[in-house]
Amino acid sequence: MTIADAAGRRWMGVGSSPHGDTRTAAVEAARSAVVGTDAKLLMVFCAITHDPAAALEGVREVAAGAPVVGCTTHGEIGKGGPNDGTILVAALGGPGITVSVAVAEHVAGRQREAGAEVAQCAEAVADLPYRVLVLLTDGFLRDQESILRGTYGVLGATVPLFGGASADGWRMTGSFLFGDDRVLTDAVVAVTIASEAPLSIGVRHGYHTVGEAMIVTSSSGGRIHSLDDRPALDAYLDRLGAPGEAYTDLEAFRDFALAHPLGVKRRSGVEARNLSTEIDLEGRTLGGGSAIDHGALTWPMTGGEDTILDATDAACRDAIAGLGGRSPIGLLTFSCAAIRATLGDDGIRREGQRLETWADGVPFAGFYTYGEIARTRGIDGFHNQTLAVLAVA
Amino acid sequence: MSQSAATSLQVQQLLELLAVVMSFSDEQTAVHGAAERAAQALEAEVSAVMYGDQVAAAVGFPAGAVPAAELLAVADGKRDWLDVPGLERCHAFAASWNGSHPGHLIIARAGDDTFSPEERSLVRGMARVLELTLTMLRTLRAEQEMRERSELQAVENAMLAESLREQQRLLLHVSDIQRGISRRDPLQQILEAVTTAAQDLLGDEIIGLWVRDPETPERARLLASVGLPTTHLPAMPLTETGAVGEAMRGNDVVVAAGYEYVGPAIRELTGGRLCVSMAAPVHESGAIVGGLLVASYDPERFYSPHDKQTLRAFAQNVSLALTDAHTLDRVNRAVHDNLTGLANRGLFLQRLTEQIREGLPAALLFIDLDRFKPINDALGHAAGDQILVITAARIQSQLRSADLAGRFGGDEFAVMLRDVAELGTGITIARRLVHEIGRPVDLAGRTVSVDASIGIALSVDASNAADLMQHADIAMYRAKRNGRGRYEVFTKDLMQAYTNDS
């Protein structure tokens, strides 16, 4: 489906294909997405089950020279509910939109530098009043926050940041990005979208704290060693009354942690950190993406479908409200893979329905990520367990 | 936010800031980290640290577009807002510190909320933490620099002391060698002193002095060494002697890796373990005649300019010793009889004159071989020469080291027995000589024998060397006349008879 603004200056289209043949699926999805003329950007969200090179080739065939960016997923989010095994393409076009793409490779170990490199693309777009930098990062990179810091160091507060970390359907063997007409790993792909009309971001999580705050009493190397002077992993599990096997079994801990992020106190609320990817049963420490420093106030968190779907609503509401009264021509919706784990198959269908309700007839596209990017205030913008929404007017 | 929650959040954030800033070891990174952490704690888009009117770190502005003057205006309390690109006008707040490095922490945030009293207090607390941390970092850095400087100085001193010690050792070795040269120690002994000293100073496993073989100049022979056998090693082509050949070719110090330029014989001798070698040319009277080599089995061995200088110094000493030894050789050859090595007539007379002039007694034995000429004519000059050489050796074998034997040409020999004033000693020696010289000689399968006629004279009976020579000569003729193969003692009667005869 494709929706354009009333004057026909900007349009967004989304197409999806469940076809088993990658190239066919890619061509079908791209053709459905590119309905308007003057396509400026094609974003591909591709199931890990597909051959990424063939997917890129198929989309490029339709793109007719427009840049193609994208990544592999842990599920593709679009109209009709989230899907697995599909190829989903979002296209943006029209004279009211310009884009510029940059790619940084060999990012591991130089995250901040890579973030600064791709920020340069923000200057290559036409001088239009609204801009957003969409970042797609390799979900297997550590310290993603530093990529954003690098970007922020170059752009400052001038450009909001949005995006997500690529996923691999929970296989944990590696994900792929599309950029610079290539399939990439250990990379960051950045797209600056400049528009005549507003671009607005919403981001929310649906978890609440359990009990009193626990203080990080020892941390180093990005890991929390102790909470309230107790081994961090045990303090966390005890507080939540976790099942016995979560203390000793890796899978059991992962399943439990997916639904129970660790909250870190911030001025405007409590930020949720996913503890399920860097498990250390032997050392009894906790890892939550970027570093949580000594002295930080933390809480174990929990959430259910209700609170998570409330957050879905809030993120969409915030994003659309940010358009200053204009109607969106489309939404990008990046939801956390951990939310999918918490909600289950039925839950994510209901999440999809909420998104569809908020889209209210305009196209939307996104994927289940290994991390969401949304800098709307302050300098931080890498999130766990959230839904990040970009509303395009 | 309740008061206690706000307070605990402040404490948390100050602790976090402290943790962040303390984790950096250099000031620039620490200041940048602090600015980021302050912005994060206050959820502010902008944070800056200024020293005086200079921006030390800033986040939130596009790169290269940090408005220093506006930040300073906030720091100086002249305004409480900042225009930040991409944002609406931001609330701004600054906390300053004085001391030796005064500075400001400036925060700006978009949105409607102004900074609460707690937040202002937090910014002040952060500024204080930053100031303390920076002071500590600077103190640590100053201490570290001092420590590094003193460590560096200590290392330099140690190197200097070591270098001086080595120079001193080099000087000691060189002066020993030069004393040896001036004392006319045997050449081999001097050369061995050089190789031993070179090993002591350079510490390598192998030291070798190679010189051109006199008969095959394109080959070199190992004269002295440490770590290589000298006796069983044949002369080798120069091209197979490694760095030595190259040093001789280029007339300069050469360093060679592994078995560069080395032939199979040396490879075998060193068991394939040679890692690096260095050689300096040695000269004799200005001509390149060989090379002094050092070589190591240590893969880490590296020859410094200092090592090269040391080797060059030893090579020069070898050159000096060789030149000196060969000059001496030439001088000796000028005053000695070429065939037998005994003193020639000139040297003999000189020594005899010196002995008499000093008032010291001596017995002179004048020796003439009997039947030498017919043997020389019959068997050839080579055989004759051989008889002369054997005779010279036989004469030498009967003398003390202080005595002097000379050959006066042809088949005439003379012996000076130093400090002998009695005829008895002269007679004893003469008797032995007659017997010894007369023993048969095996010449190419033929046995021949020559006798000696010896005249004995004492210096006490002569006024000078010439007189003494004449006396002994007269006595020798008497011995010949009396039947050869015998000795006669000079007497006044003989002198009378001689005068009468002539």
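With the condition kept exactly as written, say whether any residue in the stretch A:167-177 is touching a residue at least 12 places away in the same chain (Cβ under 8 Å), hydroxyl-bearing (S, T, Y) and either crowded, with 24+ Cβ neighbours inside 10 Å or under 17 Å from A:A338 (Cα atoms) (or both). Within the stretch A:167-177, one or more residues are touching a residue at least 12 places away in the same chain (Cβ under 8 Å), hydroxyl-bearing (S, T, Y) and either crowded, with 24+ Cβ neighbours inside 10 Å or under 17 Å from A:A338 (Cα atoms) (or both). Farther than 26 Å from A:G324 by Cα and either of a type in the set (A, V, I, L, M) or assigned to a loop (DSSP other than H, G, I, E, B) (or both): is that true of A:G139 in this structure? Criteria met by A:G139. Only residues that are in contact with a Pro (Cβ under 8 Å, 6 or more places away or on another chain) and basic (K, R): list them for the stretch A:147-190, please. Listed by number, the list is empty, since nothing qualifies. Of all the listed residues (A:L227, A:L233, A:L237), the sole one being buried (at least 21 other Cβ atoms within 10 Å of the Cβ) and within 14 Å of chain B (Cβ to nearest Cβ) is A:L227.
If I ask for residues that are within 14 Å of chain B (Cβ to nearest Cβ) and closer than 16 Å to A:V134 by Cβ, which ones from the stretch A:355-382 would you list?
A:A374, A:R375, A:T376, A:G381, A:F382
Would you tally the residues in the stretch B:329-349 being at pLDDT 85 or above and polar (S, T, N, Q)? So the answer is 2. Filtered by the rule that a residue be within 14 Å of chain A (Cβ to nearest Cβ) and in contact with an Asp or Glu (Cβ under 7 Å, 6 or more places away or on another chain), the stretch B:109-136 gives B:R109, B:A110.
Considering every residue within the stretch A:85-95, establish whether at least one is small (G, A, S), at pLDDT 95 or above and out of contact with any Asp or Glu (no Cβ under 9 Å at 6 or more places or on another chain). Checked the stretch A:85-95: at least one residue is small (G, A, S), at pLDDT 95 or above and out of contact with any Asp or Glu (no Cβ under 9 Å at 6 or more places or on another chain). The set of residues in the stretch B:399-417 that are surrounded by 18 or more Cβ atoms within 10 Å (Cβ to Cβ), within 48 Å of the chain's Cα centre (by Cα) and not aromatic (F, W, Y) comprises B:L399, B:D403, B:L404, B:A405, B:G406, B:R407, B:A414, B:V415, B:M416, B:L417.
Out of all the residues in the stretch A:164-184, is one or more within 14 Å of another protein chain (Cβ to nearest Cβ) and not in a strand (DSSP E or B)?
Looking for residues that are within 14 Å of another protein chain (Cβ to nearest Cβ) and not in a strand (DSSP E or B), one finds none in the stretch A:164-184, hence no.
Against the numbered list (1) in a loop (DSSP other than H, G, I, E, B); (2) touching a strand residue (DSSP E or B) at 6+ places or on another chain (Cβ under 9 Å), B:R184 comes up short only at (2).
When we screen A:R349, A:R326 for residues that are in a loop (DSSP other than H, G, I, E, B), surrounded by fewer than 24 Cβ atoms within 10 Å (Cβ to Cβ) and assigned by TED's automatic domain parsing to the domain that holds A:G150, the only hit is A:R326.
State whether one or more residues within the stretch B:70-91 are in contact (Cβ under 8 Å) with a residue 60 or more places away in the chain and buried (at least 21 other Cβ atoms within 10 Å of the Cβ). Within the stretch B:70-91 (the criterion being in contact (Cβ under 8 Å) with a residue 60 or more places away in the chain and buried (at least 21 other Cβ atoms within 10 Å of the Cβ)), the answer is no, since none of the residues qualifies.
Only one entry of A:R267, A:R273 meets the criterion of being in contact with a Pro (Cβ under 8 Å, 6 or more places away or on another chain), closer than 22 Å to A:D380 by Cβ and charged (D, E, K, R), and that entry is A:R273.
Candidates are the residues of the stretch B:11-26 that are within 24 Å of B:E143 (Cβ to Cβ) and facing another protein chain (nearest Cβ under 7 Å); the one that is surrounded by the fewest Cβ atoms within 10 Å (Cβ to Cβ) is B:A19. Yes or no: the stretch A:256-269 includes at least one residue that is assigned to a helix (DSSP H, G or I) and in contact with a Leu (Cβ under 6 Å, 6 or more places away or on another chain). Yes, that holds for at least one residue.
Against the definition (more than 16 Å from B:H471 (Cβ to Cβ) and within 51 Å of the chain's Cα centre (by Cα)), how does B:R357 come out, yes or no? Step through it out loud before you land on a result.
Numbers: more than 16 Å from B:H471 (Cβ to Cβ): yes; within 51 Å of the chain's Cα centre (by Cα): yes.
The answer is yes for B:R357.
Taken over the stretch A:184-212, the residue count meeting the criterion of being farther than 29 Å from A:R10 by Cβ and among the hydrophobic types (A, V, I, L, M, F, W, C) is 1.
Only residues that are closer than 20 Å to B:M126 by Cα, at the interface with another protein chain (Cβ under 7 Å from one of its Cβ atoms) and of a type outside the set (A, V, I, L, M) were counted in the stretch B:40-83, giving 4.
Within the stretch B:256-271, being assigned to a loop (DSSP other than H, G, I, E, B) and either in contact (Cβ under 8 Å) with a residue 12 or more places away in the chain or of a type in the set (S, T, Y) (or both) holds for B:G258, B:Y259, B:E260, B:Y261, B:G263, B:T270. Quick check on B:M278: is it part of a strand (DSSP E or B) and touching a Leu at 6+ places or on another chain (Cβ under 9 Å)? Yes: the conditions hold for B:M278. Of the candidates B:E156, B:E166, the single residue that is at negative phi, surrounded by 10 or more Cβ atoms within 10 Å (Cβ to Cβ) and in contact (Cβ under 8 Å) with a residue 40 or more places away in the chain is B:E166. Evaluation of B:H326 against the conditions (1) out of contact with any helix residue (DSSP H, G or I) (no Cβ under 6 Å at 6 or more places or on another chain); (2) at pLDDT 90 or above shows that the sole unmet condition is (2).
With the condition kept exactly as written, say whether any residue in the stretch A:188-197 is within 14 Å of chain B (Cβ to nearest Cβ) and either crowded, with 22+ Cβ neighbours inside 10 Å or closer than 21 Å to A:R284 by Cα (or both). Within the stretch A:188-197, one or more residues are within 14 Å of chain B (Cβ to nearest Cβ) and either crowded, with 22+ Cβ neighbours inside 10 Å or closer than 21 Å to A:R284 by Cα (or both). The strands (runs of 3 or more DSSP E) found wholly in the stretch A:43-116 and carrying at least 1 residues that are more than 21 Å from A:A187 (Cβ to Cβ) and in the same structural domain as A:A30 (by TED's automatic domain parsing) occupy A:76-78, A:87-93, A:97-105. The set of residues in the stretch A:133-155 that are buried (at least 24 other Cβ atoms within 10 Å of the Cβ) and more than 13 Å from A:Q111 (Cβ to Cβ) comprises A:L133, A:V134, A:L136, A:G139, A:L155.
Meeting the requirement of 3 or more residues that are farther than 25 Å from B:A462 by Cβ, the helices (runs of 4 or more DSSP H) wholly within the stretch B:343-436 are B:372-379, B:381-397. A search for C-beta distances below 6 Å between a residue of the stretch B:295-323 that is in the same structural domain as B:H283 (by TED's automatic domain parsing) and any residue that is in a helix (DSSP H, G or I) and aromatic (F, W, Y), counting only pairs 6+ apart in sequence or on different chains, returns nothing.
In this structure, A:E113 qualifies as over 27 Å from A:L275 (Cβ atoms), surrounded by fewer than 22 Cβ atoms within 10 Å (Cβ to Cβ), at pLDDT 95 or above and acidic (D, E).
What about A:G324, is it within 14 Å of chain B (Cβ to nearest Cβ), more than 24 Å from A:T137 (Cα to Cα) and touching a residue at least 12 places away in the same chain (Cβ under 8 Å)?
So A:G324 fits the description; yes.
The values are calculated or read from the model by the stated rules, or taken from the named source; none is laboratory data. Quantities reported herein were computed from a predicted structural model and do not represent experimental measurements. In this analysis, Cβ positions are derived from the backbone assuming ideal geometry, glycine residues included, and neighbour counts consider all displayed protein chains.
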